[in-house]
1. For the range 118-128, give me each residue that is free of Cβ contacts under 8 Å to residues at least 60 places away in the same chain and under 19 Å from K178 (Cβ atoms).
2. It is to be established whether one or more residues within the range 101-121 are of a type in the set (V, I, T), under 16 Å from D174 (Cα atoms) and at pLDDT 95 or above.
3. State which residue pairs qualify: first residue assigned to a loop (DSSP other than H, G, I, E, B) and inside the range 139-158, second residue at pLDDT below 85 in any location, beta carbons under 9 Å apart, and separation of 6 or more residues or different chains.
4. Condition first: at pLDDT 90 or above, surrounded by fewer than 17 Cβ atoms within 10 Å (Cβ to Cβ) and under 19 Å from the mean Cα position of the chain (by Cα). Now tell me which residues in the range 26-63 satisfy that.
Amino acid sequence: MHELPKNYAVIGLLVFTLAGLPVVAAEQPPVNLDKTTMTAIEFVLAEDHLEQFGFRLPLQKIIETVSNNLAEWQYPVKLPGSSYSHKLEATLGQIANQATPVGFSFSSGNSDPRAAGFQKADVLPISCRLSDIASGTVLVKMESTFSTHQLDREAGLAKITDKLIDQISTACLDVLEKAPTPKADNRHKTTLFKPKWMPDVRVEVREAPAKLNANGVAQPATVVDEPKKEIIIHNQGTPVIFQFGHERR
């Protein structure tokens, strides 16, 4: 048997869970939230580990752009000057060499399963939490891990800033998606909903729609029918849909 090359590109398809985005692990489940109390959300970025990129990051620009990105998704994220009811806080973790992020991943590294660096990469953890300002209660808290292959110092300050804005926006959008926050009904289905900012990949988990009869009417579920889930991967092109559940023929 010939020995495989020590380094080549490895594409990994890891297991999806039904908990949310494939790059996200929930730390704290959502708690009950009165929708009427969430009138304005302040986004803040903690100053932890900002120096690890080798540049003085434009903190205010990041805060303003992330706030605008999330506001485009019809969440009440407001810029300074508002009277806030809730706070959305993002914290960057320390870049570390660890297992590649859960979900679809592309990494270049050692292909030998016995090697210490097998299927490992430098990843950046980003945590985001939504809390009630009046009570201090944390409503939702999640942590995401992102690849750092576009965060090298050689990329320059502008590109690193843009990538961090995208990753922070993605992490905090998932928190807002998990929270029962006030938002327009069926906002993702209307043709009027066209935000300027889109995450590279967003995963939606929902119940599979009921089957339609010849007249286009949904058929009522029978007792023996098992619930089915759909995982929809929204990307910059055509969404990919996976269906899970027992299929009787």
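The values are calculated or read from the model by the stated rules, or taken from the named source; none is laboratory data. All values reported here derive from a predicted model rather than from experimental measurement. Cβ atoms come from the backbone with ideal geometry, glycine included; neighbour counts cover every protein chain shown.
1. Those that are free of Cβ contacts under 8 Å to residues at least 60 places away in the same chain and under 19 Å from K178 (Cβ atoms): P125, I126, C128.
2. no
3. Going by the 9 Å Cβ cut-off, the qualifying pairs are T148/A121; T148/D122; H149/F106; H149/S107; H149/S108; H149/A121; H149/D122; L151/D122.
4. Hits for the range 26-63 are V44, A46.
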